[in-house]
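A short worksheet on the structure shown next.
The values are calculated or read from the model by the stated rules, or taken from the named source; none is laboratory data. These figures come from a predicted structure and were not determined experimentally. All Cβ positions, even for glycine, are placed from backbone atoms using ideal geometry, and neighbour counts span all protein chains on display. With ligands, DNA and RNA removed, areas are computed over all heavy atoms of the protein, side chains included. Shrake-Rupley method; radii C 1.70, N 1.55, O 1.52, S 1.80 Å.
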Amino acid sequence: MSPDNRDETVIRLSAALQRARRVVVFSGAGLSTESGIPDFRSPQGVWSQAKPIEFCEFVSSEAARREAWRRKFIIDRDIRNAQPNRGHRAVHHLVRQGVCHTVITQNIDGLHQASGIPEQVLIEMHGNGTYAKCLECGRRHALAPIEDTFHREGRLPHCEGCGGLVKAATISFGQAMPEQAMARAESAVSDCDLMLVLGSSLVVYPAAAFPLRAKRRGAQLVIINREPTPQDSEADLVFHAEIGPLLGSALEIP
Ligand code: NAD
């Protein structure tokens, strides 16, 4: 792409964002790759390295739980060291300006919160990987002692309160979606004039249904993703580009 074309791209995105009054951002793992956290479906992504562990395997098999925790502690090294990038800062800018009222994220890395997005604006569709929860009673557990015991004694966590299985507070394949998050997302997409998709392959359902739902209710659909997605043909604007440089330039965020 020549510099002239790049400018043209920035101008088109910037104009669409300036016209919008009620934006919903829908973010995926691609938003955080510029912070050093691998996504799932890029060639070097987590998906291509290992098949995900389904919820029923986690619940029924100690070996699966052990493998899930082992992988989690590896991914956590990237997440712990990560800082919000230019794309996260651009989303925060839209929220601060009052243009974006909801950020629906599939990410579990906590980087939207770290960029300053308030909890009431954020909907975490797939939970949060920065802590763990008891699957029986819902009690919250810190990760550091779980990791320490895992590495020192090889022991898997059980709830201090009820003895139930403890799992990272993320939604695995096959696990029920969080009802409140689903309801909030449903209402947000009925009330937006622009749906901005950032870094999602748009293949993980039910979350991936929300951009199309917004489009069918009259919102403009704008997608920024390195690679094509199955919803490109429905979108009003599609940018196959890096999120940080493009969105950052369109909003003049350094
Ligand atoms: P995905 O991995 O399926 O797709 C990411 C998409 O982003 C890819 O199509 C890729 O081409 C694109 N991309 C990567 N870096 C980009 C960049 N800098 N600029 C523009 N595009 C970029 O991700 P998904 O759709 O979010 O679904 C994966 C699931 O994995 C989610 O449910 C999420 O919970 C989980 N996940 C989360 C994280 C995280 O929290 N950071 C990381 C990995 C996986």
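What number of residues in region 210-238 are open to solvent by less than 10 Å² (accessible area, probe 1.4 Å) and of a type in the set (Gly, Ala, Ser)?
Matching residues across region 210-238 total 2.
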Run down 251, 165, 221, 194 and say which single residue is among the hydrophobic types (A, V, I, L, M, F, W, C) and free of Cβ contacts under 8 Å to residues at least 60 places away in the same chain. 221
Pick out the one residue from 214, 168, 209 that is away from the ligand (no atom under 14 Å from the Cβ) and aliphatic (A, V, I, L, M). 214
Set 207, 142, 183, 241: member being surrounded by fewer than 17 Cβ atoms within 10 Å (Cβ to Cβ) and not assigned by TED's automatic domain parsing to the domain that holds residue 63: 183
Wholly within region 26-118, helices (runs of 4 or more DSSP H) carrying at least 3 residues that are more than 19 Å from residue 224 (Cβ to Cβ) and free of Cβ contacts under 8 Å to residues at least 12 places away in the same chain: 46-49, 62-81
